[in-house]
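The values are calculated or read from the model by the stated rules, or taken from the named source; none is laboratory data. Just so it is clear, the model here is predicted, and its values are computed rather than measured. Please note: Cβ atoms are built from the backbone with ideal geometry, for glycine as well, and neighbour counts cover all protein chains shown. Calculation scope for accessible area: heavy atoms of the full protein, side chains included, ligands and nucleic acids excluded. Shrake-Rupley method; radii C 1.70, N 1.55, O 1.52, S 1.80 Å.
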Amino acid sequence: MAKSLGSRVQDAFFRFVHGNRLIYNTCWEDPRLDRKLLGIAPGAQVVVITSAGDNALDYLLDDPAGVACVDLNFRQNALLELKRALFRHASHAELFLFFGDGGGARCAAIYKALRGDLPDYAREFWDKNIDYFKPGRLSRSFYYHGASGAVAFAFSRVLSAVKPGVRRLIPELLAAQTPEAQRRAFDAIEPAFWDRVSRWLVGRPETMALLGVPRPQIELIRNAHPGGLEGFVRDKVRQVFTGPPMAENYFWRVYLTGRYTRACCPEYLKEANFPVIRDRLDALSTHTASLSAFLAEHPGPYSHFILLDHQDWLASNAPAALAEEWERIFDSAAPAAKILMRTAGLDVSFVPGAARDRLRFFPEITEPLHAADRVGTYGSQHLAVVA
């Protein structure tokens with residue numbers, strides 16, 4: 001069926017954003033669940049979609065032999081390369097200044113000292129954009145830059161200007177020490193937050209595109225969730241803010257405040273993990289390519305594949321490319337390789353039938369973990385083992 005004009009415009013805007021911007025300034029997949037499900041061990045060979053690179057760095061704590069980070073957007077790999085250079089040539093305090101505090105006055109000088117260690121493409125990108133880490137009068141931290149950061153910044157400004165009462169309640173929510181206190185704080189915020197402005201922003205495909213959600217995923221959410229897109233977002237936000245302890249939820253903290261704290265941050269930013277990750281950086285590699293192209297050039301074998309949610313888009317827009325990708329995965333998979341996938345939908349229907357026949361899924365393991373997900377942006381997650 002031919003696409004409508006509106007669908008073509010939405011797809012064109014999504015391609016424009018993803019072809020010209022850094023999209024993800026932090027990972028929005030919970031690596032605590034990843035590491036529990038995948039059981040990465042010394043000697044493992046891992047393939048992961050780069051995103052912001054945070055989770056790939058966290059995987060190094062499990063001492064894999066290799067972590068190949070693959071992304072079509074070179075800016076995402078440039079971000080990971082900057083983090084790697086800071087591990088190699090800076091202190092933990094300087095790494096945290098960039099990616100814990102979201103920037104500071106010293107960042108430009110620190111970058112100047114280490115830029116020579118970056119690959120050419122990453123150095124060219126950061127030479128133009130190192131001001132992402134420059135503090136300004138609006139406190140535009142690094143986490144308020146890039147496509148997803150722009151949305152977070154807009155929501156932050158809306159809360160400050162239009163809903164100051166809600167803004168004042170957020171520190172209480174983040175500081176909650178008990179599930180009861182957390183629920184009370186969110187119950188006080190929720191009615192004021194979900195007004196016409198918020199609902200309009202959430203419902204806009206342009207907003208979703210900036211957050212990295214393409215039109216096929218929007219349609220998948222609308223069709224799979226009884227409340228449509230707005231209901232999905234509203235239910236997921238409630239699940240996150242009334243479920244896992246906010247004291248551990250660095251994902252939402254960074255977008256609500258623009259920074260992490262030393263106690264609430266990704267594992268790669270914790271001081272105790274700094275020397276461990278620094279010593280294992282040689283296991284990390286970055287590759288700007290499609291997953292199929294990467295696997296054709298680097299055929300493995302690989303023991304673990306972390307695919308995020310990109311197959312949702314392929315299933316709708318490029319089924320032949322999706323089928324080819326699965327053939328590459330099977331050709332490159334070690335015996336009993338583990339594959340972790342996420343989707344906007346509620347099942348594995350995005351996986352071609354021929355591929356499903358060669359996989360064993362474990363819903364009895366993954367489904368109980370949904371309530372422990374500190375992010376809450378996906379419809380479901382799926383663990384498979386190559387049969």
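Listed values, structure above:
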quantity	calculated
Accessible surface of the range 242-387 [probe 1.4 Å, protein heavy atoms]: carbon and sulfur percent	55 percent
Dipole of the chain, positive end: most advanced residue of Ser303, Leu256, Asn73 [Cβ charges, Cα centre]	Leu256
Mean Kyte hydropathy of 0.0 or more with a Cα span along the axis of at least 15 Å, helices from DSSP in the chain	146-162, 164-174
Calculated FRET value between Arg35 and Trp200, using beta carbons and R₀ = 30 Å, to 0.05	0.20
Carbon plus sulfur fraction of accessible area for the range 37-134, probe 1.4 Å, in percent	51 percent
Cross-link pairs beyond the 31 Å C-alpha cut-off, checked among Lys134/Lys270; Lys128/Lys338; Lys134/Lys236; Lys36/Lys128	Lys128/Lys338; Lys134/Lys236; Lys36/Lys128
Magnitude of the charge dipole, the chain, Cβ model with Lys/Arg +1 and Asp/Glu -1, debye to 20	1380 debye
Chain lengthening between Arg21 and Phe330 when straightened (0.36 nm per residue, less Cα-Cα)	108.1 nm
Per-pair calculated FRET efficiency, R0 = 45 Å: Ala105 and Gln177 via Cβ, rounded to 0.05	0.85
The range 187-328 - charge dipole about Cα centre, Lys and Arg +1 at Cβ, Asp and Glu -1, debye rounded to 20	500 debye
Sequence-separation-based contact order of the range 278-387, relative, with Cα cut under 8 Å and 6+ spacing, percent	30 percent
Estimated [θ] at 222 nm from DSSP helical runs (n ≥ 4, -39500 (n - 2.57)) normalised by residues in the chain, nearest 500	-15500 deg cm²/dmol
Shape category assigned to the range 43-102 from the gyration tensor of Cα positions, a/c cut at 1.5	oblate
Sequence-distant residues sharing a close amide H with Ile49 (under 5 Å, placed H)	Val70, Ile306, Leu308
Cα shape, the chain, gyration tensor, a/c 1.5 rule	rounded
Dipole axis of the chain (+1 Lys, Arg; -1 Asp, Glu on Cβ), positive-most option in Val48, Phe98, Ser290	Phe98
Cβ-derived FRET efficiency at R0 25 Å, Lys112 paired with Ser285, nearest 0.05	0.45
Three-way shape call for the range 211-275 based on the alpha-carbon gyration tensor, with the a/c threshold at 1.5	prolate
Antiparallel content of DSSP bridges confined to the chain, in %, to 5	35 percent
Length-normalised contact order for the chain - Cα pairs under 8 Å, 6+ apart - percent	22 percent
Check: the range 40-86 dipole with +1 on Lys, Arg Cβ and -1 on Asp, Glu Cβ, in debye	180 debye
